[in-house]
Amino acid sequence: MRIRTTQGREIDLKQEALDGLRLRLRGPLSVPGDVGYEDSRAVWNAMIDRKPAVAVRCRGAADVITCVQFARDNDILLCIKGGGHNIAGLAVADGALMLDLSLMRGVWVDGRSRIAHAQGGCLLGDVDRETQVHGLAGVLGFVSATGVAGLTLGGGFGYLTRRWGWTSDNVAGMDVVTADARLVRASSDENADLFWGMRGGGGNFGVVTGIDYALHPVGPEVVGGLVAWPASEAPGVLELYRTLAAKAPPELTLVALMRPAPPAPWLPKDWHGKPIVALLACHSGRPEDGEKLVAPIKSFGKPIGDVLVRRPYAQMQSLLDATQPKGRRYYWKSEYLPRIEPALCEKFIAHAAGIRSPHSALILFQIEGALNQLEAGHSPVGNRDARYVLNVTSAWEKADADKANIDWTREAWNDMKRFSTGGTYINFLTEDEGAERTQAALGKGLGRLGEIKAKWDPGNVFRTNRNIEPGC
Ligand SMILES: Cc1cc2nc3c(=O)[nH]c(=O)nc-3n(C[C@H](O)[C@H](O)[C@H](O)COP(=O)(O)OP(=O)(O)OC[C@H]3O[C@@H](n4cnc5c(N)ncnc54)[C@H](O)[C@@H]3O)c2cc1C
């Protein structure tokens with residue numbers, strides 16, 4: 001069979017070599033045409049259609065070590081899939097040996113020390129489900145099908161970020177299979193340089209087989225959900241958002257969005273597909289406090305839908321899932337913002353009016369709080385001046401609509417990026433964003449990451465990611 005080397009050259013891999021690898025594994029190995037191969041290679045974004053030569057569904061660290069060793073011995077290109085949610089499709093590479101971690105979804109929670117150990121293929125929902133049994137939660141993202149590893153390796157933010165920082169600020173340690181196929185521990189006590197690099201530098205330094213998250217008391221009930229109004233109400237709603245968010249305590253996270261109304265049961269049928277503005281809120285402190293804080297949202301104007309209520313935290317964590325299904329075509333542009341300015345709100349409304357697909361949206365996430373209080377060099381995620389995230393998200397179904405949707409996304413972004421801190425989120429970068437965008441995301445941390453790469457992966461074995469050149 002044909003397989004690619006790290007340099008992208010196609011070589012022959014003998015059947016005996018492949019059979020030998022299969023025999024040494026606990027998890028299934030598949031090649032094109034085999035059962036399971038298509039599931040392994042498919043990622044969330046249907047714009048990405050790449051075919052690895054071989055996919056291994058690892059069952060544990062031993063399988064990962066075996067594959068990394070095999071790739072090293074034969075100079076084969078490796079790619080690693082966690083949840084497969086990266087918009088740029090970094091989990092999958094043509095002709096590569098893919099390590100698909102989707103069978104590694106175990107989670108163990110120690111309620112006393114408030115630590116969750118999650119295997120490297122876990123999705124956010126796996127961790128939330130197990131931690132909530134103990135009345136605890138990790139700082140994770142907004143959509144439960146996202147992979148914990150990719151999210152954490154790039155930073156990570158969600159409803160708890162305002163209280164406790166980036167997801168990666170809440171990592172106590174990681175188990176990592178390195179480029180020389182060793183399983184090592186990365187924590188503040190062991191291999192501290194590797195630990196620093198892995199909390200924002202992506203999958204550049206090894207394969208994460210387990211992550212220990214520091215947990216916090218949250219739930220089981222929070223006040224959360226959405227209120228929606230006609231888009232014509234956007235000036236008032238966004239002004240309400242701007243002023244409420246500016247004084248909201250860290251327990252309350254507010255998100256504003258504009259989009260065509262999805263066919264959700266809480267929105268009247270005759271509104272489906274029509275332009276709306278909505279506020280999404282989650283208050284993770286005492287529900288009574290939350291209810292008081294969101295009262296101005298619920299009483300504003302004449303909403304067409306309101307599901308901002310007391311609900312289980314785990315349910316809150318999957319509230320947006322249906323809006324982000326696997327298999328649509330997606331294209332995003334994103335910036336960190338220092339504040340919400342009235343002039344930005346005007347642009348936001350104007351560009352929302354030009355949305356080309358019923359699934360697209362303009363979104364403002366509030367993240368300010370704990371992350372701003374740590375020093376710039378605390379982790380490579382940096383961007384400690386970021387207080388909001390602007391995301392221009394296009395989603396559509398057919399390839400013939402690619403151009404219209406991508407053009408709209410770029411136009412809106414080009415017009416609004418003047419409000420940026422100058423920084424952007426590495427995990428939201430699309431396939432066409434180059435080195436200058438990696439620089440915007442990792443900023444001053446890049447030099448140190450290059451040194452760590454030179455020490456831990458001098459041969460650039462882990463290159464199918466936002467790649468950091470050794471010694472750059
Ligand atoms: C619908 C949706 C919602 C999102 N919401 C949020 C959000 O609320 N907050 C947020 O911060 N981000 C969010 N993101 C962005 C998300 O953090 C990134 O897409 C992230 O890369 C997803 O991780 P994954 O494991 O699913 O990715 P994958 O596509 O599997 O991998 C992404 C990168 O990480 C590497 N990688 C994955 N697993 C491992 C591992 N175990 N060891 C080493 N390298 C690995 C891959 O090789 C690849 O380079 C969202 C993305 C989507 C699509």
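Compactness of segment 79-212, taken as the C-alpha radius of gyration over 2.2 N^0.38 Å, stands at 0.98. Each Lys and Arg contributes +1 and each Asp and Glu -1, all at the Cβ; summed about the Cα centre of segment 343-472, the dipole is approximately 280 debye.
What are the lysines whose alpha-carbon lies under 17 Å from the alpha-carbon of K444, with same-chain residues fewer than 8 places away excluded? Reachable lysines: K453. Take segment 1-86 with all the other protein chains still there, run a 1.4 Å probe, and you get 48 Å² of accessible area per residue.
Only one residue of M416, G203, A261 has its Cα farthest out toward the positive end of the dipole of the chain, where Lys and Arg carry +1 and Asp and Glu -1 on Cβ, and that residue is A261. Local charge for F428 was computed over the other residues whose Cβ lies under 11 Å away, with Lys and Arg +1 and Asp and Glu -1, and equals 0.
Test of the criteria: in segment 307-405, which GluC sites (Glu not before Pro) are in a DSSP loop and have at most 10 other Cβ atoms within 10 angstrom of their Cβ? If you can, show how the numbers build up before the last one.
On the way: sites: E335, E346, E368, E375, E397; in loops: E368, E375, E397.
Those satisfying the criteria are E375.
Measuring only protein heavy atoms, the 1.4 Å probe finds T5 accessible over about 0 Å². Based on protein heavy atoms only, segment 93-231 ends up with 27 Å² per residue of surface accessible to a 1.4 Å probe. Between D306 and D321, the distance separating the two model label sites (each 7 Å from Cα on the Cα→Cβ line) works out to 2.8 nm.
Computed on protein heavy atoms with a 1.4 Å probe, the accessible areas place D189, D49 in the order D189, D49, largest first. Per atom type, segment 409-457 shows carbon and sulfur on 49% of its accessible surface, probed at 1.4 Å. Among the protein heavy atoms, those of R339 account for about 130 Å² of accessible surface (1.4 Å probe, every chain in place).
Given only helices, namely DSSP H runs of n ≥ 4 each adding -39500 (n - 2.57), what is the per-residue ellipticity at 222 nm of the chain, to the nearest 500 deg cm²/dmol?
On the way: 15 runs with 135 residues, N = 472.
Mean residue ellipticity at 222 nm (helix-derived): -8000 deg cm²/dmol.
Using only the C-alpha atoms, the convex hull of segment 256-389 corresponds to 158 Å³ per residue.
Across segment 331-417, the fraction of Cα-Cα pairs farther apart than 22 Å, rounded to a whole number, is 34%.
Shown for segment 163-228: the carbon plus sulfur share of the solvent-accessible area, taken with all protein chains present and a 1.4 angstrom probe, equals 45%. Computed about the Cα centre, the dipole magnitude for the chain is approximately 360 debye when only Lys and Arg (+1) and Asp and Glu (-1) carry charge, each at its Cβ.
Just so you know, the Cα atoms of segment 320-360 work out to an Rg and Dmax of 13.1, 36 Å.
Only loop residues by DSSP count here, and only those with at most 16 other Cβ atoms within 10 Å; note down the GluC sites (Glu not before Pro) in segment 151-249 that meet that. Kindly include the intermediate steps, with their values, before the conclusion.
Working: sites: E190, E221, E233, E239; in loops: E190.
Sites meeting the loop and neighbour criteria: E190.
Here the Karplus curve 6.51 cos²θ - 1.76 cosθ + 1.60, taken at θ = phi - 60°, turns the phi angles of segment 334-343 into couplings of 8, 9, 7, 10, x, 6, 9, 9, x, 5 Hz, with x standing for Gly and Pro.
Taking every protein chain into account, the 1.4 Å probe leaves S299 with about 90 Å² of accessible area, to the nearest ten. Taking the square roots of 5 times each eigenvalue of the Cα gyration tensor of the chain, largest first, gives ellipsoid semi-axes of 37, 24, 21 Å.
Report, to the nearest whole %, how much of the accessible area of segment 246-331 belongs to carbon and sulfur atoms, 1.4 Å probe, protein only. C and S fraction of accessible area: 60 percent. Across segment 381-454, Cα-Cα distances exceeding 14 Å account for 68% of all pairs. The trypsin sites (Lys or Arg not before Pro) found in segment 155-234 that occupy coil by DSSP, while having at most 15 further C-beta atoms within 10 Å, are R182.
For segment 1-157, the equivalent ellipsoid derived from the Cα gyration tensor has semi-axes of 31, 17, 12 Å, listed largest first.
Before anything else, pin down the relative contact order of the chain: Cα pairs under 8 Å, at least 6 apart, normalised by residue count, whole percent.
On the way: 1132 pairs, mean separation 74.1, N = 472.
Contact order relative to length: 16 percent.
The values are calculated or read from the model by the stated rules, or taken from the named source; none is laboratory data. No experiment lies behind these values; they were computed from the predicted model shown. In this analysis, Cβ positions are derived from the backbone assuming ideal geometry, glycine residues included, and neighbour counts consider all displayed protein chains. When the accessible area is computed, the model is the full protein with side chains, heavy atoms only, and any ligands, DNA or RNA have been set aside. Shrake-Rupley method; radii C 1.70, N 1.55, O 1.52, S 1.80 Å.
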